[in-house]
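None of the figures in this text is laboratory data; all of them are computed from the coordinates on show. Since the model is a prediction, treat every value here as computed from it, not as a measurement. Neighbour counts are summed over all protein chains in view; Cβ atoms, including those assigned to glycine, are modelled from backbone coordinates with ideal geometry.
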Amino acid sequence: MAKKDYYQILGVKKDSKADEIKKSYRRLARKFHPDVNPNDKAAEEKFKEVQEAYDVLSDDKKRKVFDRFGYYQDNLDPDSPFGAGAAAGGGAQGFDFSGFDFGSGGARPGAGGSSFRDIFSDLFGGSSGSGVRPEPEPPRAMPKRGRDIEMPLALSFEEAVTGLTTNITVNRSEQCSRCQGAGDTGGPVVTCTTCKGSGQVQRTGGRLQFSQACPDCEGTGRRRTPCSLCNGKGVTPKTEQVKVKIPAGVDTGSRVRIPKKGHGGRLGAEPGDLFILTNVGKHKFLERKGDNVYVTVPISVSEAALGAKIEVPTVEGKAQLKIPAGTESGQKFRLRERGFPSLRNPSLRGDEFIEVKIAMPRVISEETKELLKQFEKLNPENPRKAMGLD
Ligand SMILES: [Zn+2]
Ligand SMILES: [Zn+2]
């Protein structure tokens, strides 16, 4: 009989403890199990080999024999003072798979006491005991980047000018610390609870309802027993205070990206990003168009006629504007670089455009009435002259 190194087959060291051997065996047996690898002769051979190795190494007495002689036979005595030759010739193979039926889809071994069921239920959980055909391995979870989160943030007109640093509360998630985002810890296969085994989940998009492959079982309807910490989601919820820096110049509808503060990734993949969607309040007088601002400011007749220095509102409070003598109503002035900072290039700024409107002087006394009459006499102008009208 060919000498096989059972330790090598199970991938364990010669001095490995029983539980290490068992762990390694379970992993390999699951990997090469005929139900996981239907019609795969090589896997079947490997499975038998693993089984054989474990049969010997899991039994203290048999293991002792193997350690002593380098192979196992029923009739060998590990404590014998004689060498291997002493008992040679017994010829017993010691291991027989004839009771196992690895046929594809064929009947499972009957109640004839085969250890197959025990092995099976040990490996995959209790489902095989009831005669239910064991099912193939569910898909393994793949590393997946976390989803992005979008959150609205209202800020004042002035805050949009200067930019803003603030803390906001984000309901995000993090990779599960128990399963590292796999969603399971390698337990038995069960029906997916998310989709109740259908493999499909309902999603709502606007007013439409549509079904989609279940993300928790990749549409198979089955999965390993979900991780008890994250319920199989692979991520656990986390409410976090996130410091967000809103740059100067944002407008309503600007998207500010805060890297890696979205939902947690799975199996080591990166978290998603957090996007702040800004909503900028209005100013009492100033109107914004892009990075420029517009305002209409009233001036008096005498200011228009004689010229004046007046105050105008800007994005950063009041500023002075010089009105030249003879200014017409509706005339426009520009204050360069008094608009919003550019989001793309913070060293650039928009302008402010000021339109002046001459306010009608109110007659508040007999005296002002007289003065206006006198003014009329001294300045006999007809403003409709160019139209040929009196
Ligand atoms: Zn988990
Ligand atoms: Zn599912």
Which value in nm describes the separation of the simple spin-label points at residue 329 and residue 31, placed 7 Å from the Cα toward the beta carbon? 9.0 nm
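Only sites in a loop by DSSP and with at most 15 other Cβ atoms within 10 Å count here; which GluC sites (Glu not before Pro) in region 267-328 make the cut?
Answer by residue number: 316, 328.
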Label model pair residue 359, residue 68: point-to-point distance (7 angstrom along the Cα→beta-carbon line) in nm is 11.5 nm
As an exercise, use a Förster radius of 30 Å and the Cβ-Cβ distance of residue 229 and residue 166 to find the FRET efficiency, rounded to the nearest 0.05. 0.40
Cα-centred dipole magnitude for region 287-378, charges only on beta-carbon of K, R (+1) and D, E (-1), debye, nearest 20: 280 debye
How high is the FRET efficiency between residue 384 and residue 301 when r is their beta carbon distance and R₀ equals 22 Å, given to the nearest 0.05? 0.75
Quick check: pseudo-label points 7 Å beyond the Cα along Cα→Cβ at residue 40 and residue 14, how many nm apart are they? 3.2 nm
Exposure proxy check on 348, 267: fewest-to-most Cβ neighbours within 10 Å is 348, 267
Cβ density ranking, 10 Å radius, fewest first, applied to 16, 173, 329 yields 329, 16, 173
Loop trypsin sites (Lys or Arg not before Pro), region 182-245 (other Cβ atoms within 10 Å of the site Cβ: 11 or fewer; DSSP): 207
Per the charge dipole of region 184-226 (beta-carbon charges, Lys/Arg positive, Asp/Glu negative, Cα centre), the residue among 188, 201, 225 reaching farthest to the positive end is 201
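For the residues 169, 236, what sequence is obtained by ranking on other C-beta atoms within 10 Å, fewest first?
Ranked by crowding around the Cβ, least crowded first: 169, 236.
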Looking only at region 276-299, which residues have a backbone nitrogen under 17 Å from a spot 7 Å from the Cα of residue 248 in the C-beta direction? 291-293
Can you tell me the length gained on complete extension of the stretch residue 322 to residue 310, counting 0.36 nm per residue apart and subtracting the Cα distance? 3.7 nm
Amide H to amide H under 5 Å from residue 185: which residues, 5+ apart in sequence or cross-chain, H placed 1.01 Å off N in plane? 227
Considering amide H positions built from the backbone, and no H for Pro or chain starts, which residues 5 or more places from residue 35, or on another chain, come under 5 Å of its amide H? none
Non-local residues with an amide H under 5 Å from the amide H of residue 323, with H modelled 1.01 Å from N and Pro and chain starts lacking one, are 308, 309, 310
FRET efficiency, 1/(1 + (r/R0)^6) with R0 35 Å, evaluated for residue 157 and residue 241 via beta carbons: 0.85
